[in-house]
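What follows is a set of notes on a single structure, which appears directly below.
Here, each number is a calculation from the coordinates, and none is a lab measurement. Here the structure is a predicted model, which means the values were calculated and not measured. So basically every Cβ, Gly included, is an ideal-geometry build from the backbone, and we count neighbours across all protein chains shown.
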Amino acid sequence: MIILAARRSGVERLTAAGVPDAAQDVAMLLAHVLGVSRADLALMSPQTLLSCAQVAGFEVAISARAARQPLSHITGQRLFWGRSFIVTPDVLDPRPETETLIAAALAHPFASVLDLGTGSGCILLSLLADRTAARGLGVDISAPALAVAARNQARLGVSALWAQGSWFDPVQGRFDLIVSNPPYIAVDEMAALSPEVQGWEPHLALTPGGDGLAPYRIISATAPKHLTATGRLVVEIGPSQGAAVAALFRAAGFKRVEILLDLDGRGRVVSGQLGEVV
């Protein structure tokens, strides 16, 4: 089989399976199987003959994607904030909209950061990679998720600590910054999620049940006990949750509460500061 035939066959199969952006996914899977970048793949002749092993690997990858397995689970990685992170079914797939949280967190100085529900560690490790003098702790209730985070730490060469437990249970001390991308999808919204999310991502990291706000109630109420005098709390939210989460922040005593928009113009992050900077 040549590259041109592989591309055509792959696009046809993924389109029939209802996969969005089939051509883009085929290109990414083909590059992954060939062990080249997308740019290098584009420079290869469409008549390039694939080896038997490459054809077999491409067949496995296309079959998995047609079954709506996330692309990142097939390739084993996802690009986030300019760095490649290991991804497995034990963690949420890092999403571009979460980079809104990174930008908000980096907008002010901090020497210490706590990441609640760290998952793959993409948030904490991105912050520490950009602020090399800072120290950080990532907390997650899932031991397999923390194992993925530790692998990403080793891969990136970033210094971080990890603790297993529910929210603040294993946390001691105070931090300049607390960040979190908690499960926030309401139980009645789960049915509308894509097959990639419903069938492959950990539901524990997607929804807390009920109205989806339970984690924010815990985080906003408890964060002041673990923040420095002018510490900041920055969390990711669902597009319809901005007003409710901002109200929780204010009720907990946070000042300068803001709802920040993602690149699609949707409410994506709520931030607040404990106390006032003189």
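Brief remarks on what is shown
- Charge sum, other residues only, whose C-beta stays under 12 Å from Gly136's C-beta, Lys/Arg counted +1 and Asp/Glu -1: -1
- Percentage of interatomic Cα-Cα distances in the range 36-87 larger than 12 Å: 74
- Part-to-part distance (alpha-carbon centres) for the range 216-265 and the range 102-180, which is given in Å: 18
- Gain on full stretching of the segment that runs from Leu263 to Ala39 - 0.36 nm per residue minus C-alpha separation: 78.1 nm
- For the range 118-124, the Karplus equation 6.51 cos²θ - 1.76 cosθ + 1.60, evaluated at θ = phi - 60°, returns couplings of 5, x, 5, x, 4, 6, 4 Hz by residue, with Gly and Pro reported as x.
- For Ile219, Ile2, Ile141, Ile178, the sequence from fewest to most other C-beta atoms within 10 Å is Ile2, Ile141, Ile219, Ile178.
- For Ser112, nonlocal amide neighbours, meaning residues 5 or more places apart or on other chains whose placed amide H falls under 5 Å from its own, are Arg135, Asp176, Leu177.
- Cα gyration tensor, the chain - rounded (a/c under 1.5), prolate or oblate: prolate
- Net length gained if the chain between Lys225 and Leu204 were fully extended (0.36 nm per residue, minus Cα distance): 5.0 nm
- Backbone N within the range 208-233 under 16 Å of label point (7 Å from Ala247 Cα along the Cβ vector): 211-218, 220-221
- Amide N proximity, the range 219-243 versus Glu189 label position 7 Å along Cα-to-Cβ, cut-off under 16 Å: 235-243
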